[in-house]
2 protein chains.
Amino acid sequence: MALRHAVLAALLDEELSGYQLVKAFDLGVANFWHAQPQQVYAELTRLEKDGLITGREVVQDTRPNKRLFQVTDAGLAELDHFAVAAAKPSFIRDDLLVKVQAADHIDTRTLVEQLTERAAFARAKADLFDKLLRTMRGDRTEEEFLRHGERIGPYLTCLRGLAFEQGNHDWCERTATILREREGGHAQQ
Amino acid sequence: MALRHAVLAALLDEELSGYQLVKAFDLGVANFWHAQPQQVYAELTRLEKDGLITGREVVQDTRPNKRLFQVTDAGLAELDHFAVAAAKPSFIRDDLLVKVQAADHIDTRTLVEQLTERAAFARAKADLFDKLLRTMRGDRTEEEFLRHGERIGPYLTCLRGLAFEQGNHDWCERTATILREREGGHAQQ
DNA sequence: TCTGATTACTCATATCGATGAGTATGGAAG
DNA sequence: CTTCCATACTCATCGATATGAGTAATCAGA
């Protein structure tokens, strides 16, 4: 049930079209949730039907028309309601971890490749988050911004995203190195 | 499709009953995947039907009988096949992050409570992972164990779990502190 | 001018995952 | 002596998520 609240949270700052939201959710800018395009569109339809957001048609000459959505008071109330409800604990669920768990029983060559690939991906995402953070805080220091900034929610979630991707990167690099050395070292199998 | 491979990976070291597996998946010992009891049982049924695991009945006097499962050669082949296939990137999906994203628009008191609660939970899990790691490596140093240990897969995934929970803990603590200070400071609202 | 990328979406279906309830036995704790 | 907890599962159902295909327009590049 949290996708709807993620959408509401994403719409708090600015009116967005479904397409823009999809971009935010799909292309990793959403550091606090992830969803498929179809999910986002379906959720927008439901949210509007329930009166939690309102859409207005924007006619465009050069592009297909689009609908911009903004959160209603009912939507804000819904977010408030969501915020006081118990949050489920978050779990890691990752194909790569499953593969590493089985590392002693399977061929590790492709696994090492996948780990280095993932490390590079994580690094790219971390860089992106870092840039986002700089943009958000402007010329203020982080401490300054977090103390007195007027909109710190996205900054805080972005910090988590950055730490997560850095953790991903470091672990992937280290794991790849270890597996590579073992493979080369005593040339088992 | 990865639950089945997670189950296979979990059964690599030892024969386990469905109930034991459920414990491993449900109670956080599974640092590489998470699943509900009913999912695990259903998957075991499917895996046995597909010949990837075999179960043997163990009659018990004092307890209900149980079935212990072990991975077959076909199961190992399936794991190999899984390992070379592309892994989907992993995303964070967390109610708490959604709430923090909306932090500037909602009441933060209960949010701060939830953050400190989560921090404590993460700390407990991190401690548990730390103990698991010590048990696995015995009296060897980590470097030693990772270089020459015979079964390092679970150790490596546990390392990721530990880092993840430490990251969770640190972020929750810091975020809670920041929100608390802002609330107290310029007493907005 | 044909191709492919980008904007802006919709529909249908399948699989995955979560939730609640239910069954049966034995041992420990009050 | 009764209630609760642990073992060891099964069945049913619902919502969430993923996948694949399809529409329709504009613009840039080969």
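So the values come out like this:
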{"read-out": "Shape category assigned to segment B:95-185 from the gyration tensor of Cα positions, a/c cut at 1.5", "value": "prolate"}
{"read-out": "Spin-label model distance (nm) - A:GLU15 vs A:ALA42, 7 Å beyond Cα toward Cβ", "value": "2.8 nm"}
{"read-out": "Segment B:1-56: GluC sites (Glu not before Pro) in DSSP coil with no more than 10 other Cβ atoms inside 10 Å", "value": "B:GLU14"}
{"read-out": "Size of the B/A contact, given as accessible area buried on both chains, probe 1.4 Å, in Å²", "value": "6600 Å²"}
{"read-out": "Segment B:95-185, dipole about Cα centre (Lys/Arg Cβ +1, Asp/Glu Cβ -1), debye to the nearest 20", "value": "220 debye"}
{"read-out": "Loop trypsin sites (Lys or Arg not before Pro), segment A:59-149, which have at most 12 other Cβ atoms in a 10 Å radius of their Cβ (DSSP)", "value": "none"}
{"read-out": "Cα-centre dipole for chain B with unit charges at Cβ (Lys and Arg positive, Asp and Glu negative), debye to 20", "value": "180 debye"}
{"read-out": "Radius of gyration and maximum dimension Dmax of segment A:58-122, Cα, Å", "value": "22.6, 59"}
{"read-out": "Within the protein assembly as shown: Cβ-based charge dipole about Cα centre, in debye rounded to nearest 20 (Lys, Arg +1; Asp, Glu -1)", "value": "280 debye"}
{"read-out": "Unit charges at the beta carbon, dipole of the protein assembly as shown: most positive-side option, A:CYS158, A:LEU96, B:LEU179", "value": "A:LEU96"}
{"read-out": "Beta bridges per DSSP with both ends in the protein assembly as shown, % antiparallel, nearest 5", "value": "100 percent"}
{"read-out": "Neighbourhood net charge (9 Å Cβ-Cβ; Lys/Arg +1, Asp/Glu -1) for B:GLY18", "value": "+2"}
{"read-out": "Centroid-to-centroid separation of segment B:135-189 and segment B:34-111 [C-alpha atoms, Å]", "value": "22 Å"}
{"read-out": "Cα-based radius of gyration of chain B once divided by 2.2 N^0.38 Å, which approximates compact folds", "value": "1.30"}
{"read-out": "Cβ-based net charge around A:TYR41, under 14 Å, with every Lys or Arg adding one and every Asp or Glu removing one", "value": "+3"}
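The values are calculated or read from the model by the stated rules, or taken from the named source; none is laboratory data. Only a predicted model underlies this, so the values are computations on that prediction, with no experimental measurement involved. Glycine also receives a Cβ, built like all others from the backbone with ideal geometry; neighbour counts cover every protein chain displayed. Just the protein is used for accessible areas: all its heavy atoms, side chains included, with ligands, DNA and RNA removed. Shrake-Rupley method; radii C 1.70, N 1.55, O 1.52, S 1.80 Å.
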